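Q: The structure follows.
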Amino acid sequence: MILLPLLILLMPPPETPSDHGPPIISSPDRNPTAPDGMVWLDGGTFKMGGVGEEARDDERPVHEVSIDGFFIDINEVTNRQFKAFVDATNYITVAERSVDWEQLRQQLPPGTPRPSDAMLAPGSLVFVQPDHPADLNNPAMWWQWTSDANWKQPQGPGSNIEDLLDHPVVHVSHEDAMAYCRWANRRLPTEAEWEFASRGGLEDKIYTWGDDPIQPKHANVWQGRFPNENSMEDGYLLTAPVGSYPANGYGLHDMAGNVWEWCQDRYRLDTYRLRAESEGPVHNPSGPDKAFDPRTPHAPDSRVHRGGSFLCNAVYCDSYRPSARMSTTPDTGMSHLGFRTVTTPELLMKADGPASPAPTKPPE
Ligand SMILES: [Ca+2]
Ligand SMILES: [Ca+2]
């Protein structure tokens, strides 16, 4: 919940290149059966980064990356799955805890005033659709700090997830997502793994489905003038049940839109420029050791998330492109930010006894 919301509401070192490892050797016979709800991707070499006019500075330059094979969730992690984790562990998410002001102030610009007690109480940022046009440079117009908003009460007190069990979990911080992963013998995808998966085997394409401009049938995003008008031609104002839109070439749903998805990597604006100075494909890049995001210059640990959300449209945020990058501080959860997990044969074999996250959908 914490830092980004407060930044929004309160105030208007070089990367270490990853090792260039040996060529990828595909060994399908060492791969165990895919865990429930996951598919195996062989990995390989691909072109990472943004193509076309839509690509932003932090998506350039396009560069070659090679990655090993991995299992990845077909869908975003759902409320049903996250509930199984919480039921088993009694885990309390960051949004359900009070804010430690002394810890928080170290990540804020010097002199930032102490927020009110209400803003330091448990809560999260909830998207609230304004009834009038808003300055798109002022996110405070549509993000509302809401006490006791969390994954179980995504719209705040009075809301619940009874009818949202197959929707993606939201208001989960990077820390929360990592805790779920540890429990489930999983991890978060690296940015490279996420983008490889999102492209679904296509090359030099703007979207997960190719180059056709986005249409309501493709993904859960925003139709109309953001943030006050949404014609909901795709059927949903907020989250949609996972898997409501066609899968990409690898059988993965919602790699565009629905909710943003946390990745493992720290964010730097210049990650790709630094990486491109190396020769040959970068092997299994895992991001810089220290983050730098000019939008949150005092936060040393901002993490990448990918894929855009139900709030994205072509005018405001076209981040449903596979190459689009965004970052948020790791203690932040929001209405439109979730995750999906990956795992590897090695990780599964290390596990004492694999946990079994609840199936994405109830048994037929
Ligand atoms: Ca929508
Ligand atoms: Ca998504």
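Q: List the number of the failed condition for residue 224; all other conditions in (1) surrounded by 19 or more Cβ atoms within 10 Å (Cβ to Cβ); (2) within 14 Å of ligand 1 (Cβ to nearest atom) hold.
A: Residue 224 satisfies every listed condition except (1).
Q: Consider residue 280 carefully, then state whether it is on the phi > 0 side of the Ramachandran plot, surrounded by fewer than 22 Cβ atoms within 10 Å (Cβ to Cβ) and out of contact with any Cys (no Cβ under 7 Å at 6 or more places or on another chain).
A: Against the criterion (on the phi > 0 side of the Ramachandran plot, surrounded by fewer than 22 Cβ atoms within 10 Å (Cβ to Cβ) and out of contact with any Cys (no Cβ under 7 Å at 6 or more places or on another chain)), residue 280 qualifies.
Q: A further question on this structure: When you check residue 235 against the structure, is it among the small types (Gly, Ala, Ser), away from ligand 1 (no atom under 11 Å from the Cβ) and surrounded by fewer than 20 Cβ atoms within 10 Å (Cβ to Cβ), yes or no?
A: no
Q: Are there any helices (runs of 4 or more DSSP H) wholly within region 28-125 with 1 or more residues that are under 20 Å from the mean Cα position of the chain (by Cα), and if so which? Lay out the reasoning, then the answer.
A: Values: elements: 79-89, 101-105, 117-120.
Once the helices (runs of 4 or more DSSP H) in region 28-125 are filtered for at least 1 residues that are under 20 Å from the mean Cα position of the chain (by Cα), what remains is 79-89.
Q: I would also like to ask the following. Could you give me the residue pairs with C-beta distances under 8 Å whose first residue belongs to region 153-166 and is farther than 19 Å from residue 143 by Cα, whose second residue is at pLDDT 95 or above and among the hydroxyl-bearing types (Ser, Thr, Tyr) wherever it lies, and which are 6+ apart or on separate chains?
A: 164/239; 165/78; 166/78
Q: Does residue 179 meet the test of being of a type in the set (Gly, Ala, Ser) and within 13 Å of ligand 2 (Cβ to nearest atom)?
A: no
Q: For residues that are among the β-branched types (Val, Ile, Thr) and within 30 Å of residue 237 (Cβ to Cβ), scanning just region 272-318, find the one that is nearest to ligand 2 (Cβ to nearest atom).
A: So the residue we want is 304.
Q: Look through 118, 88, 95, 84 and report the one residue that is modelled with pLDDT of 95 or more and surrounded by fewer than 19 Cβ atoms within 10 Å (Cβ to Cβ).
A: None of the others qualify; the one that does is 88.
The values are calculated or read from the model by the stated rules, or taken from the named source; none is laboratory data. Keep in mind the model is a prediction, meaning the values are calculated, not measured. Don't worry about glycine lacking a Cβ; one is built from the backbone with ideal geometry, like all the others, and counts go over all protein chains shown.
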